[in-house]
Amino acid sequence: MIKSYKLRRFLANAFIYILLAVLGLIWISPLCYLVLHSFRDEGLAYVSYLIPKKLSFQNYIDLFTVTSKSSMNFPRWFMNTFIVAIFSCIISTLAVMMVSYAFSRLRFKARKPLINIGMILGMFPGFMTMIAIYYLLKAMGLLELPLLALIICYSAGAGLGYQISKGFFDTIPRALDEAATIDGATRNQIFWKIILPMSKPILVYTVLTSFIGPWTDFILAKIIVGKDIPNYTVAIGLQMLIDADHVLNNFKKFLAGSVVVAVPITTLFLIMQRYYVEGVTAGGVKG
């Protein structure tokens, strides 16, 4: 009976591992195709085989050297996206941290209503307000500065994403605040010098999510930037490369650009993976 139980358990585990392996293979196969064919030297757009016959770095070279004001300027698009993502990340992270700390530590009359309003607003998808945002930006004359407009849009509502950070701050003992207050520290000093240094996991999580959003966004960026090709972000630019008018000559550049765009996010995530996991689980304070 024991052997029968062990056999059933072994078969069940084997089935799970095989299933996960198959799902993993299905998930990673498009990525493998993307990377392999970004180095493909032959053909223009689509080919009938999976493994390229000849590999070359020419697609990556052309991506950064073949530029045009009216059709393609990947280095400019990459820099636009980087600037927008960096500034949005900094402003959004500060906003989320401060709002989360206020809701976690401060007790004021409108605290619960504001928390409830924030949660309700977070239930509505962002694209519902995009047209209204467009006309507001147009009325303020910010459509002439699309990159600034994007930074404002990505940063303005960042404080609504306080839920996870607030949960992390709730795990930090309030005794630390009380002890610092007795020693003469202000709320501002407690936040910057005590709480924030102890909140590296949630800080890293917030930085990653605040950076990835602007880096990969397409819909809002397309609405705001419109047809201003020099101010395109990489998401809009890559989509333009596979339009019907450009796909034949630019498909391999599109694949190379997709790989290049994924490198910063992947690198950042791998470096900060441990803190990211701790932030998501809202782990307690150690030490």
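Read the figures in this text as sums done on the coordinates, not as results from a lab. Here the structure is a predicted model, which means the values were calculated and not measured. Cβ sites come from the backbone with ideal geometry, for glycine too, and all protein chains shown count toward neighbours.
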Along Cα→Cβ, 7 Å out, is where each label goes; now give me the distance between the ones at ILE271 and ASN13 in nm to one decimal.
3.8 nm
Ranking ILE120, ILE195 by Cβ neighbours within 10 Å, fewest first, what do you get?
ILE120, ILE195
For the THR171, GLN58 Cβ pair and Förster radius 41 Å, calculated FRET efficiency rounded to 0.05 is 0.20
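Taking the beta-carbon count within 10 Å as an exposure proxy, list LEU137, LEU143, LEU248 from fewest neighbours to most.
On the way: LEU137 21, LEU143 17, LEU248 11.
The order, fewest Cβ neighbours first, is LEU248, LEU143, LEU137.
Nearest 20 debye, what's the magnitude of the dipole of the stretch 69-280 about its Cα centre given +1 on Lys and Arg Cβ and -1 on Asp and Glu Cβ? Present the calculation step by step, with values, prior to reporting the outcome.
Working: 18 positive and 10 negative charges, 57 e Å.
Approximately 280 debye in magnitude.
Can you give me the Rg/Rh ratio for the stretch 2-60, using Cα atoms for both radii and the Kirkwood formula for Rh?
Numbers: Rg = 19.7 Å, Rh = 14.5 Å.
Here Rg/Rh amounts to 1.36.
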Can you give the calculated 222 nm mean residue ellipticity of the chain, where each DSSP H run of n ≥ 4 adds -39,500 (n - 2.57) and the sum is split over every residue, rounded to the nearest 500 deg cm²/dmol?
-22000 deg cm²/dmol
How do PHE108, PHE39 line up, fewest other C-beta atoms within 10 Å first?
PHE108, PHE39
Taking r as the C-beta separation of ILE51 and MET198 and R0 as 51 Å, the FRET efficiency to the nearest 0.05 is 0.50
Simple spin-label estimate for LEU44/LEU23, 7 Å along Cα→Cβ, in nm, reads 4.1 nm
ASN188 to ASP228: FRET efficiency via 1/(1 + (r/R0)^6), r the Cβ-Cβ distance, R0 45 Å, to the nearest 0.05?
0.65
Based only on Cα atoms, what mean projected area does the convex hull of the stretch 128-287 have, in nm²?
12.7 nm²
Where the Cα atoms of the chain are projected onto their three principal axes, how long is each span, largest first, in whole Å?
78, 72, 32
